[in-house]
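Report on the following structure.
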Amino acid sequence: MSVDWKGKPQFDLEAAIIEFKTALPGWWYSVCECQVSCDASCAPTTETADIGLVETDMVFDGGFHADLRQPSTMAEALRDVMRQALEAKSAHAAKPTD
């Protein structure tokens, strides 16, 4: 018998949260799941030095979002938005300044 999303364990979520908070301290995040997908979102807050990115790069103002079709996990979704944010920070840092 297979386990559907309602009974599927989320064993790796705590580790993913620790990874996220280490990589992006002070950023907000959310995770959720339903029968269709596992989802996550994140963005900088005023509690992080990264808040200035919101004013200089619109990609940070909209935040980062993942909508992973089932079967997936909330940890995978959180790691996906973390990867998106870190890649955007790296790309922003590589942009030439005027």
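Each reported figure results from applying straightforward, stated rules to the coordinates on display, with no laboratory input. Fair warning: this is a prediction, and the values are worked out from it, not measured in the lab. Backbone-built Cβ (ideal geometry, glycine too); neighbour counts: all protein chains shown.
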Expected vector for region 81-92, Karplus 3J(HN,Hα) from phi with 6.51, -1.76, 1.60 and θ = phi - 60°, integer Hz, x for Gly and Pro, equals 5, 4, 4, 4, 5, 5, 5, 5, 4, 5, 5, 5
Measuring from the longest principal axis of the C-alpha atoms of the chain, the long axis of helix 13-23 (C-alpha) lies at a number of degrees, nearest 10, equal to 10 degrees
Per the 1/(1 + (r/R0)^6) rule, R0 = 22 Å and r from the Cβ atoms of Lys6 and Asp67, FRET efficiency to 0.05 is 0.75
Percent of all alpha-carbon pairs of region 13-90 at distances over 19 Å, whole number, is 31 percent
With the dipole of region 46-98 defined by +1 on each Lys or Arg Cβ and -1 on each Asp or Glu Cβ, the option from Met74, Ala94, Gly63 whose Cα lies farthest towards the positive pole is Met74
Region 10-98: relative contact order from alpha carbon pairs under 8 Å, six or more residues apart, as a whole percent, is 32 percent
By the Kirkwood definition, with r running over pairs of different Cα atoms, region 14-55 has a hydrodynamic radius in Å of 11.4 Å
Taking r as the C-beta separation of Met58 and Ala93 and R0 as 22 Å, the FRET efficiency to the nearest 0.05 is 0.85
